[in-house]
Amino acid sequence: MAEGSPDWARRIRALREARGLSQAGATEEMRKHSDKQLPDSDHLIRRWKAWERGENQPGPQYAPLIAATLGTVTSSLFPPTTRPDSGDLLAITGMDTLEIVSRLHASDVNEATLDGLRITVDKLCSEYASQSPVGLVSEGRQWLRRMVEMQEQRLSFRQRRDTLELAGWLALLVGCLENDLGDRRSAEATRRAALSLGKEVGSPGILGWAHEMRAWFALTSNDFRGVIAASEAGVVAAGNHSVAVQLIAQEAKAYARMGRQDDMVRALERGRVLLDSMPYPENTDNHFVVDPLKFDFYAMDCYRHVGDDRLARGLAEEVIRGGTDYNGRERSPMRIAEARITLGVAAAREGDLEEAVEHGNRALSASRKSLPSLAMVSQDLADVLSSRYGNESEARDYLERLRGIQGSR
């Protein structure tokens, strides 16, 4: 590949190789996803080679076919060049956080105040992946308390509904953070509160995410049938909200752990097609938005668990690249930690203990952790190390460190 080739060209090649496809094989797979007649094989192979060299970006006819062939989402390969800006609180509303709080206490709730609340909630939800859960959960609870107190004020019907909906999103955030900190009992109570708010305001998104939390709690407790039940109920409740994709992904993860690989593959494809049909999200940092890059993350977990190391490794490398900005800063440390565990599992199975333990330790040292998630995924590496390298000091040291994290859940 030529130096300076666009990222989409590199990703096409990387994902093709991860799936073990030749360029000719990839073009034949393309035909399976097309409902129209495609050009002859020689022509398609020349085009595929040109795409991998980055000579011309595929147009709307070919882009979704390439994505389907590679098992990913079109806008993950070819994201829009410009993205909507969620905006700055002061610029949009003319108020800073202090003034918003002052207006809430003074019962001076107008449209600008509500806009300020919406931006504040979006900001908090966007900080989930990178901020300390201890500080963020405290701030989330403070804002949630303010919104509950607002219900005692004289609000119009629409204002009351809007603030209750914002409270529902905040409750989901607080519940996720409580779970990350290992407080499952509080997380479940907060999840139920969010579910109740979602029902009261009729929000498919809040309802879907409340079910998704239930599915996630079940997955990290090895209750795989519970995952499937929660996912199926959540998809019905979520309607057209993107959370339906994550619910289907949780279902796929459960199938992978149950040894039902065919069901896993079908679930992943169902989720991929659904996400591919959705518009590109306005704010991909918001925890309750399913961004296209996240699909590779879902698939990575599934293929690691069923032992497809080449594909899992390739997807893990893409997750790390996608979660790191141009300055080398990790924008998605929790996703990257799980990707490193995946690389560690692949290395261990290939006989490289040193690389496996290095990846495992880097994952455990992540700047932002979800304790139940990290403990569950790290167990995959622990199982391989225990069975193959149980007498090696490096493996024993890693396993001891992991037990310390699992014990703090």
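The values are calculated or read from the model by the stated rules, or taken from the named source; none is laboratory data. Since this is a predicted model, take the numbers as computed values, not measurements. Cβ sites come from the backbone with ideal geometry, for glycine too, and all protein chains shown count toward neighbours.
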If a residue has to be of a type in the set (D, E) and surrounded by 24 or more Cβ atoms within 10 Å (Cβ to Cβ) to count, how many in the range 222-259 make the cut?
1
Can you name every residue in the range 174-210 that is crowded, with 22+ Cβ neighbours inside 10 Å, under 25 Å from D162 (Cβ atoms) and of a type in the set (S, T, N, Q)?
T190, S203
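Let's see how each residue does on (1) within 17 Å of T72 (Cβ to Cβ); (2) of a type in the set (A, V, I, L, M):
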site	(1), (2)
E232	no, no
G239	no, no
A244	no, yes
I248	yes, yes
E251	no, no
R260	no, no
D263	no, no
R270	yes, no
M278	yes, yes
Take L247 and decide whether it is part of a helix (DSSP H, G or I) and touching a Pro at 6+ places or on another chain (Cβ under 8 Å).
no
Condition check for E394: assigned to a helix (DSSP H, G or I) and farther than 20 Å from D301 by Cβ:
yes
Being over 18 Å from the mean Cα position of the chain (by Cα), surrounded by fewer than 16 Cβ atoms within 10 Å (Cβ to Cβ) and closer than 26 Å to R185 by Cα narrows R362, R388, R310, R403 down to just R403
Do the conditions hold for E29, that is, is it part of a helix (DSSP H, G or I), modelled with pLDDT of 95 or more and buried (at least 17 other Cβ atoms within 10 Å of the Cβ)?
yes
Which condition does G168 not pass, out of (1) surrounded by fewer than 24 Cβ atoms within 10 Å (Cβ to Cβ); (2) touching a residue at least 12 places away in the same chain (Cβ under 8 Å), if it passes all the others?
(1)
Failed item, numbered, when D162 is tested on (1) surrounded by 16 or more Cβ atoms within 10 Å (Cβ to Cβ); (2) modelled with pLDDT under 90; (3) of a type outside the set (A, V, I, L, M):
(2)
Members of the range 342-356 found to be hydrophobic (A, V, I, L, M, F, W, C) and touching a Gly at 6+ places or on another chain (Cβ under 8 Å), listed by number
A356
Flagged pairs (Cβ under 6 angstrom, 6 or more apart or on separate chains; first in the range 233-253, within 14 Å of P279 (Cα to Cα); second of a type in the set (D, E) and surrounded by 24 or more Cβ atoms within 10 Å (Cβ to Cβ)) are V243/E212
From D301, D262, residue being buried (at least 17 other Cβ atoms within 10 Å of the Cβ) and closer than 21 Å to L21 by Cα
D301
Could you list, in sequence order, all residues of the range 265-292 that are within 19 Å of R19 (Cα to Cα) and surrounded by fewer than 21 Cβ atoms within 10 Å (Cβ to Cβ)?
V265, R266, E269, R270, V273
At least 3 residues that are under 17 Å from the mean Cα position of the chain (by Cα) and within 30 Å of A337 (Cβ to Cβ) in each: list the helices (runs of 4 or more DSSP H) lying fully within the range 117-218 that qualify.
157-180
